Amino acid sequence: MSEPSSPVPTTTRRRLNGISEIRGFFRTNTSPVYFFGPTAFNLLGIDRWVRTFFYIAYYDSWDGAHPRVFSPRSKPYVEFESSEDINNYLLRDPEVRAFIAARGGRPKVAMVFFDEETERICEELGYELILPPDALRRQLDSKIVTTTLGNEAGAPSVPNVLVEVDSWGTLVRLATEAGLGTDLVVQTPYGDSGKTTFFLRSESDWGSYGLDIVGQQVKVMKRINNKAAAVEAVLTRHGTIVGPFMTDLTGYPELTPYKGGWCGNDLFPEALSEAHRATAIELVRRLGARLGAEGYKGFFEVDVLIDLDTDEVYLGELNPRISGVSSMTNVTAGAYADIPLFLFHLLEYMDVDFVIDADEINQRWRDLAAVDVWAQLIMKEPNDSVERIAQDLPRRHTYRPRRRRQRHPGRARNLKAEPGRARQIRRPPHRVGAPNCYSRSSTTSMLLTSPARFAMKSGCATQSFPLMRRASSARAAWRHDVGSSSSFATVAPSVRCTASGPHPGRTR
């Protein structure tokens, strides 16, 4: 009679209990994670939290000096039509593949924009794309679908009607029947940064935009006197974690050619009242639960609108992806107290189990919103002309010969500066390429300060957003990320500003 065989040992999945263990897990992480993009802008600073996190960027803002940014040296001219094209180009690039292969492991890949081709390339290369499927993302990206899902979840939009219109007369008739009046906002299903949002009051307005509206289902909204706010959230297995709310800067002609175009964000305690913030958090959590029912998980961004006349809070738009405000979200007081919001997304795609209290985190981050002061300004060339912005840009480093002091037991003596020896002046090597930037993290490469507080410090409190005009005047002197479609403004070298908060910074 043979002896019973001993059971084969099984490997148990690692379990992380609470924020402290999660933080330690990422600091000792061995699984390589890569962010692909035209620039490293969206997830700046995550490399400080996640070991083996790298940026693969087409445009290197640090000119090779950032230890976690890789950009291929050989870049022949390519007429890119989208960010997806750039990401797919990088995935196929031999230098990028060699860089990733040299670091071993199965790469986990994140990016803002991707498509079916991106998924095919990652599958062929054995890379894991740690994002929801492209088909699901495209479905949820429709403003029509967002409105429908929000209504089902109890997160209503501004009073609206979803219809097809073929003329100004039809639009007026349908809007009047729905009680929306004739001062209207019309949105087509897809589009970003105000390109497909149209403000219509008269038939002449229809004459300007009608061709962009006909032939598709659109969202026709009553025009309200509103304050817009943006917030990012992560749908996890334990519920939706909601980040800090920040106001939107939209439509400033010095910064964008689009009437409803996004120009940046301002995060400060008074961005939303306590009551509005509580209502908005609940709306975002309801929407997150509804997205989960569709099979979605991970990062998403939501715009909310506060009607200043009725005090109602409405769902605006959904961006089912990492967004343009991610770099702000990841440096807030909540992020520093716990972990950046993106790390909750990353946990959903790591081979670990984890336990968190979503309600407790949301409450703590809501309390910390009372001390945060941040802002970012996004500049898009408002003119159609193509011109060279700058050449021979100065490097961020400053070197000079230094006089070394060599200490011996019991005595000290001065040595003359040694030939060829130089020292760097108080600037870490990965701060190349972003002069005069306000930063809590040394990898932040855009302006992060409050326009309102800048106005007060610069003595221009009576003017509307003087920072924008100063940044616009500095356009010819410096444009960050020269090769990208949008740039991140820095103030003129002579301008100084400060801001209060748990981690104050300064301009240089």
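The values are calculated or read from the model by the stated rules, or taken from the named source; none is laboratory data. Just so you know, these numbers come straight off a predicted model, no measurement behind them. No Cβ is skipped: glycine too gets one built from the backbone with ideal geometry, and neighbour counts run over all protein chains shown. For accessibility, only protein heavy atoms count, side chains too; no ligands or nucleic acids. Shrake-Rupley method; radii C 1.70, N 1.55, O 1.52, S 1.80 Å.
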- Note on the structure: All-but-one check, Phe80 against (1) open to solvent by less than 40 Å² (accessible area, probe 1.4 Å); (2) outside any helix (DSSP H, G or I), failing number (1)
- Message: Of the residues Arg106, Arg51, Arg27, only one is in contact with a helix residue (DSSP H, G or I) (Cβ under 9 Å, 6 or more places away or on another chain) and charged (D, E, K, R); which?
- Response: Arg51
- With (1) over 19 Å from Ile306 (Cβ atoms); (2) out of contact with any Leu (no Cβ under 8 Å at 6 or more places or on another chain); (3) open to solvent by less than 20 Å² (accessible area, probe 1.4 Å) as the list, and Leu149 as the residue in question, which single condition is left unmet? (2)
- Item | Those residues of segment 183-214 which are part of a loop (DSSP other than H, G, I, E, B), open to solvent by less than 50 Å² (accessible area, probe 1.4 Å) and either hydrophobic (A, V, I, L, M, F, W, C) or in contact with a Phe, Trp or Tyr (Cβ under 9 Å, 6 or more places away or on another chain) (or both), in sequence order | Thr188, Ser193, Gly194, Thr196, Ser202
- Item | Condition check for Ala390: open to solvent by less than 90 Å² (accessible area, probe 1.4 Å), under 30 Å from Phe25 (Cβ atoms) and at pLDDT below 75 | no
- Scan segment 101-112 and report the pairs whose first residue is in contact (Cβ under 8 Å) with a residue 12 or more places away in the chain and whose second residue is assigned to a loop (DSSP other than H, G, I, E, B) and among the basic types (Lys, Arg), with Cβ atoms within less than 7 Å and a gap of 6+ or a chain change. Val112/Arg321
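Take the residues in segment 215-232 that are part of a loop (DSSP other than H, G, I, E, B) and modelled with pLDDT of 90 or more, then tell me which one is surrounded by the most Cβ atoms within 10 Å (Cβ to Cβ).
Initially, segment 215-232 is screened for residues part of a loop (DSSP other than H, G, I, E, B), giving 215-216, 223-225.
Pick out the ones that are also modelled with pLDDT of 90 or more and you get 216, 223-225.
On the way: Gln216: 12, Arg223: 15, Ile224: 18, Asn225: 9.
Checking each candidate, the answer is Ile224.
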- Note on segment 149-174: residues within 26 Å of Arg321 (Cα to Cα), over 25 Å from the mean Cα position of the chain (by Cα) and assigned to a helix (DSSP H, G or I) are Asn151, Glu152, Ala153
